[in-house]
Amino acid sequence: MVWQIFFILFLRFLELFKFWESSLIMKIKLNIVPPKSTGQAAATILKRGDRYFVGKKSNSEGKRIQDMLWALLMEHKPAAPFEGALALTITYVYPWRKSEPQKNRVHGYKWCDKKPDADNIPKILQDVMTRLQYWGDDSQIAVLGVRKLWGDDKRVGIYLELQELNNTNQITL
């Protein structure tokens, strides 16, 4: 009950302080259990001959996740890269933990306060989407939102929303 009130108040807060106008370009649901490891787990120092470099081992968990995301996002690849400022919202919905009490499952969702950290989630997705040319460069992402939830099996997955930002409203801080 308390989290529902908080969520409604949070949505109203966002409406009051909305400082951009946007149009939805695409909405994607990837029907997979979101990975717990992030792009950080994939990078390591490798050696080729007498030179060292930062790379990814072909058998690493991070590389496996990148390949999986590549295959899933390839289906939704736009015909041409999007231009201009963009807003990307990423929602990870994990399956309920076995230890989760039934009283918490009643609402269908619960905020996830466990690993991975929300700030580490977007990087691997942004890198894959950049290589698939969803946009020219991930520096075009001007607004980034990340949410982590636990939820019912039918809702488990990765949800992506991409919006084009228009500078029709003056930004106020």
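Just so you know, all these numbers are worked out from the coordinates, no wet-lab data involved. This one's a predicted model, so the numbers in the text were calculated from it and none came from an experiment. Glycine also receives a Cβ, built like all others from the backbone with ideal geometry; neighbour counts cover every protein chain displayed.
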### Task
Apply the Karplus parameterisation 6.51 cos²θ - 1.76 cosθ + 1.60, with θ equal to phi minus 60°, to every residue of segment 144-156 and state each ³J(HN,Hα) to the nearest whole Hz, in sequence, with x for glycine and proline.
10, x, 10, 10, 10, 9, 9, x, 5, 4, 5, 9, 4
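Of K29/K98; K27/K123; K27/K103, which sit over 22 Å apart, Cα to Cα? Please list the in-between numbers first.
Details: K29/K98 24 Å; K27/K123 19 Å; K27/K103 31 Å.
Among K29/K98; K27/K123; K27/K103, the Cα-Cα distance tops 22 Å for K29/K98; K27/K103.
Where in segment 111-164 are there trypsin sites (Lys or Arg not before Pro) that are in a DSSP coil and have at most 11 other Cβ atoms within 10 angstrom of their Cβ? Walk me through the numbers on the way to the answer.
Working: sites: K114, K123, R131, R147, K148, K154, R155; in loops: K114.
Passing sites in segment 111-164 are K114.
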### Message
What FRET efficiency comes out for T44 versus D152 if R0 is 45 angstrom and r is the Cβ-Cβ distance? Round to the nearest 0.05.
### Response
0.80
### Task
Mind checking which aspartates and glutamates have their Cα closer than 13 Å to the Cα of K63? Skip sequence neighbours fewer than 8 apart in that chain.
D127
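Can you give the % of DSSP beta bridges in segment 19-166 that are antiparallel, to the nearest 5?
The answer is about 70 percent antiparallel.
Tally Lys/Arg at +1 and Asp/Glu at -1 over every other residue whose Cβ is under 14 Å from the Cβ of L132; what's the total?
-3
Could I get the Rg over Rh figure for segment 19-166? Both from C-alpha atoms, Rh via Kirkwood, rounded to two places. Don't skip to the end; give the middle numbers.
Numbers: Rg = 17.0 Å, Rh = 16.8 Å.
Here Rg/Rh amounts to 1.01.
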## Note on the structure
By the Cα gyration tensor axes a ≥ b ≥ c (a/c under 1.5 gives rounded; else a/b larger than b/c gives prolate, otherwise oblate), the shape of segment 108-150 is prolate
